[in-house]
Amino acid sequence: MIRSLNQSFMGYIVLAAWTAAAQDVPRAVPATPSATTAPPVSAVPQYDVVSTVRPSRAADTHLRIRMDSGTIFITDASLKDLLKNVYGMRDSQIVGLPKWAESEHFDIQAKVLADDPEFLKHMTGKLRREVFERVLRERFGAETHMETRVMAMYELQRVGGGPGVAPGLVENPPPPRPADGSAATPEPIKPGHNGRGNTSVMGTHLDATGIRISDLCGSLGRILDRSVVDKTGLASFYDVTLNWSDGSSENSDGPSLEAALQEQLGLKLVGTKGPVEVLVVDRAEKPKELD
């Protein structure tokens, strides 16, 4: 029996998604005698960060992060929460934290000072991560490094015929591109194909539109706190509906997550071991000045 974590994703914002966007690097164009040479532009925008930290007095336990007018507001965050969100890690992928880094929660305001008043909106994912890393380093003394370790994990495999057999897994590929390369599409774009798939996880219910199986593996990995590797061989996009029970008194009816995957999606989890990237915390301190 595989035990799933009853984990609410309300208010849970993965900052690592900000860093995933690819950056286009312009190619150099040789200057011509008639061309006007533009003044050099700094490749790294200049900014400063002024942050304040207070013990959290939030009434709930939901981490919240929002940006407004050049200021980042973080509510009810432990240091572990911040590391998970900044680096896109699960609980089991962060090692070496002191106990207070999980139990004590803080409210943080980080004011980003830059010449561009829209700096937060315009900066790249890489710069966004750097801003948060600066807060972690200056206010929590955080020093970390990445390692690859062999850990328990799951493979997601097919059971029998796969799509078309299980009602919760329906193929939903994006429309084909026109043969002439034009921007127009030959048919209306299907729901969920706005350039990325859409996934919602609320307690023990997962609903997704137009996702790859690798996206489903990512969601299952966060629920189970263990890496899940796609071994299904399914290469299209899918709509997914999955309902299961976590065994709690409030949610005792229904199948376990393992059984729900087989019954509703025609997929199964197989335990194994393999290389997993982990974030090792070398140093961390409580904020010395709680403003």
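Only the coordinates and a few stated rules stand behind these numbers; no lab work does. Just so it is clear, the model here is predicted, and its values are computed rather than measured. All Cβ positions, glycine included, derive from the backbone under ideal geometry; neighbour counts span all protein chains shown.
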Can you list the aspartates and glutamates whose alpha carbon sits under 15 Å from that of residue 80, skipping same-chain ones fewer than 8 residues off? 91, 102, 104, 107, 133, 143, 225, 282, 285
Two-site FRET efficiency, residue 59 against residue 207, from Cβ-Cβ distance with R₀ of 30 Å, rounded to 0.05: 0.60
If I stretch the segment between residue 229 and residue 52 completely, what's the gain in nm (0.36 nm per residue apart, minus their alpha carbon distance), one decimal? 59.7 nm
Label-point gap, in nm, between residue 124 and residue 143 - each point 7 angstrom along Cα→Cβ: 2.8
Sorted peptide list for 234-242, 274-282, criterion being average Cβ within 10 angstrom, highest first: 234-242, 274-282
Between residue 171 and residue 133, what is the spin-label point distance in nm, taking each point 7 Å from the Cα along the Cα→C-beta axis? 4.2
Between region 245-271 and region 67-138, what's the alpha-carbon centroid distance in Å? 34
Tabulate in residue order the Karplus-calculated ³J(HN,Hα) for region 211-224, using 6.51 cos²θ - 1.76 cosθ + 1.60 with θ = phi - 60°, rounded to whole Hz; enter x for Gly and Pro. 10, 7, 5, 4, 5, 4, 4, x, 5, 4, x, 5, 5, 8
Net length gained if the chain between residue 256 and residue 73 were fully extended (0.36 nm per residue, minus Cα distance): 62.2 nm
Computed from the beta carbon distance with a Förster radius of 35 Å, FRET efficiency for residue 150 and residue 236 to the nearest 0.05 stands at 0.65
